[in-house]
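Here is the structure we will look at.
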Amino acid sequence: MKNLLLLVAFVSVLTACSSSDHNTSTSGDSFNRTALLTHWADNIIIPAFSNYDVHLAVLQSEVENFNANPSQENLLTVRNSWIAAYKAYQQVMLFNIGKAADLNFKEAADTYPTDAIGIEANIANGNYNLELLSQYSKQGFPALDYMLNGLSESDSGIITKYSSDANADAYKLYLTSLINALKSKNAAIVSDWSGIYRSTFITSNGTAVSSSTNKMVNLFVKNFEKDIRSGKVGIPAGIFSNGTLFPEKIEGYYKKDISKDLLNTAVQAQQDFFNGKYFANSQVGPSLKSYLDDVKAVRNGLNLSAIINNQFETIYTTNATLNSNLSQQILSNNTKMLEAYDAMQQNVVYFKLDMMQALNITIDYVDGDGD
């Protein structure tokens with residue numbers, strides 16, 4: 001409760017400061033939201049989920065190969081496929097709408113830190129149901145991280161778990177279950193977007209709270225604030241724990257050297273969506289940027305869209321100073337993590353206060369950092 005009260009006070013101060021420190025102005029809204037939603041669906045969201053599906057299929061195949069022959073070569077191969085799929089996930093995590101929301105897609109794919117003790121218990125008793133909420137921290141990419149990088153201090157020790165260990169077959173089965181769960185959920189999402197949901201998404205082109213534009217803008221802000229700023233940096237760096245550090249709570253903890261890469265991949269996906277960049281293509285279409293320009297959103301005399309893009313560049317510059325292993329960065333010099341957090345926090349302000357106000361959209365989620 002104390003943390004909640006402090007948070008409410010902080011948000012109030014933040015809001016007050018923002019209102020007094022700048023002057024955001026806009027004109028009327030005649031933006032073509034049907035074109036915006038069509039572009040999002042056809043050129044960004046569906047291609048991103050399809051790309052993710054391709055990477056999951058490769059990972060699934062490599063897991064099968066590794067289980068059939070747990071060699072050093074196959075371990076390295078399946079690890080590389082896991083990294084590629086994990087980065088592809090960073091490009092779809094924003095789109096937690098429709099079937100993805102129904103299936104709790106994000107929670108099942110990327111709840112971390114993973115529950116290593118729970119995973120070992122699942123493997124030992126063989127009686128688990130990955131559809132249960134209680135299993136979210138025992139599956140997804142963090143669980144695969146543990147299974148491929150954390151079972152032993154050495155690669156030979158990890159390979160032994162899958163070859164000569166008394167529970168080798170159970171380890172293989174769990175590894176297979178993890179990738180099958182990821183593949184199954186994404187297949188359902190791709191199928192839904194390929195069927196009726198695309199039309200449902202585009203047709204909902206109004207300004208109501210339940211409209212697709214409102215939902216996506218809220219998801220955009222929430223993803224950046226909660227999953228990127230807080231999850232990847234703020235929580236492990238002690239922002240919400242009075243300075244108590246949690247280096248074990250970084251993403252990709254067992255692999256150690258991919259946490260910064262995952263962070264930057266997610267930030268880039270966020271900026272690309274803001275600018276309406278086609279997936280895997282430099283072409284751009286209707287976007288939040290063009291929507292803000294259309295309503296002539298200006299902050300202190302400058303286009304708000306330009307201010308936001310400039311802040312993204314500041315984020316990349318700040319992130320470039322980080323160790324590739326964010327856990328190590330926290331332990332060696334946490335100040336750089338705090339600086340990375342502050343750079344992202346500035347864009348949270350631009351998104352949450354200026355952009356939402358300019359587009360006349362209300363935040364539909366509850367702040368609860370540090371609770």
Study note, to complete from the structure: Here region 106-163 gives, from Cα atoms, an Rg and Dmax in Å of 11.5, 33
Practice item. Output ³J(HN,Hα) for region 34-39: one whole-Hz value per residue in order, computed from phi by the Karplus curve 6.51 cos²θ - 1.76 cosθ + 1.60 with θ = phi - 60°, and x for Gly and Pro. Key: 5, 5, 4, 5, 5, 5
Revision key, fill the gap. Quick tally, 1.4 Å probe accessible area for E153, E62, sorted with the most first, runs E153, E62
Review point. What is the diffusion coefficient of region 201-285 in µm²/s, taking the Kirkwood radius over Cα pairs and the Stokes-Einstein relation at 10 °C with a viscosity of 1.306 mPa s?
Key: 107 µm²/s
Exercise for review: Could you size up the charge dipole of the chain around its Cα centre, putting +1 on the beta carbon of Lys and Arg and -1 on that of Asp and Glu, and report it in debye to the nearest 20?
Suggested key: 480 debye
Review point. Probe 1.4 Å, all protein chains in place: accessible area of D342 in Å², nearest 10?
Key: 90 Å²
Review point. Could you give the semi-axes, largest first, of the ellipsoid that matches region 152-212, computed as the square roots of 5 times the alpha carbon gyration tensor eigenvalues and rounded to whole Å?
Key: 45, 12, 8
Point to revise | Farthest positive-ward along the chain dipole, Cα basis, beta-carbon charges - from N264, N334, N360 | key: N360
Exercise for review: Obtain the nm distance between the two label points defined at T77 and N281 by a simple spin-label model: each point lies 7 Å from its Cα along the Cα-to-C-beta direction.
Suggested key: 3.3 nm
Check your understanding: Looking at (1) 71, 51, 42; (2) 78, 51, 45; (3) 69, 48, 38, which value of Cα extents along the principal axes in Å comes from a calculation on the structure shown?
Key -> (3)
Check your understanding: What full-extension length gain, to one decimal in nm, is calculated for N65 and N242 as 0.36 nm per residue of separation minus the Cα-Cα distance?
Key -> 59.1 nm
Point to revise | Paramagnetic reach from A101 (point 7 Å along Cα→Cβ, amide N under 20 Å) across region 163-202 | key: 185-202
Check your understanding: Given the pairs K226/K336; K138/K222; K87/K277, which are separated by over 21 angstrom at their Cα positions?
Key -> K138/K222
Review point. What is the chain's relative contact order, in percent, from Cα pairs under 8 angstrom and six or more apart in sequence?
Key: 24 percent
Practice item. Rounding to the nearest 20 debye, state how big the charge dipole of region 122-180 is about its Cα centre with +1 on each Lys and Arg Cβ and -1 on each Asp and Glu Cβ. Key: 120 debye
Practice item. Can you sort D257, D165 by 1.4 Å-probe accessible area, starting with the largest? Key: D257, D165
Practice item. Sort 123-135, 188-200 for me by packing, meaning the mean count of neighbouring Cβ atoms within 10 Å per residue, highest on top. Key: 188-200, 123-135
**Study point:** Pair V209, D155: separation of 7 Å Cα→Cβ label points (nm)
**Key:** 5.4 nm
Check your understanding: Counting only Cα, what are the radius of gyration and maximum Cα-Cα distance Dmax of region 249-365, in Å?
Key -> 16.0, 47
Revision key, fill the gap. Taking 0.36 nm per residue of separation between A168 and E131 and subtracting their Cα-Cα distance, the length gained on full extension comes to 11.0 nm
Practice item. With +1 on each Lys and Arg Cβ and -1 on each Asp and Glu Cβ, and nothing else charged, work out how big the dipole of region 68-119 is about its Cα centre, in Debye to the nearest 20. Key: 160 debye
Review point. Which value results when the Cα radius of gyration for region 171-244 is divided by 2.2 N^0.38 Å?
Key: 1.61
Study note, to complete from the structure: So T321 and D42, fully extended at 0.36 nm per residue minus their Cα-Cα distance, gain in nm 96.8 nm
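The values are calculated or read from the model by the stated rules, or taken from the named source; none is laboratory data. In this text the structure is predicted, and so the values were computed from the model without any measurement. Positions of Cβ are backbone-derived with ideal geometry, glycine not excepted, and every protein chain shown enters the neighbour counts. Quick note on the areas: whole protein, heavy atoms, side chains included, nothing else; ligands and nucleic acids left out. Shrake-Rupley method; radii C 1.70, N 1.55, O 1.52, S 1.80 Å.
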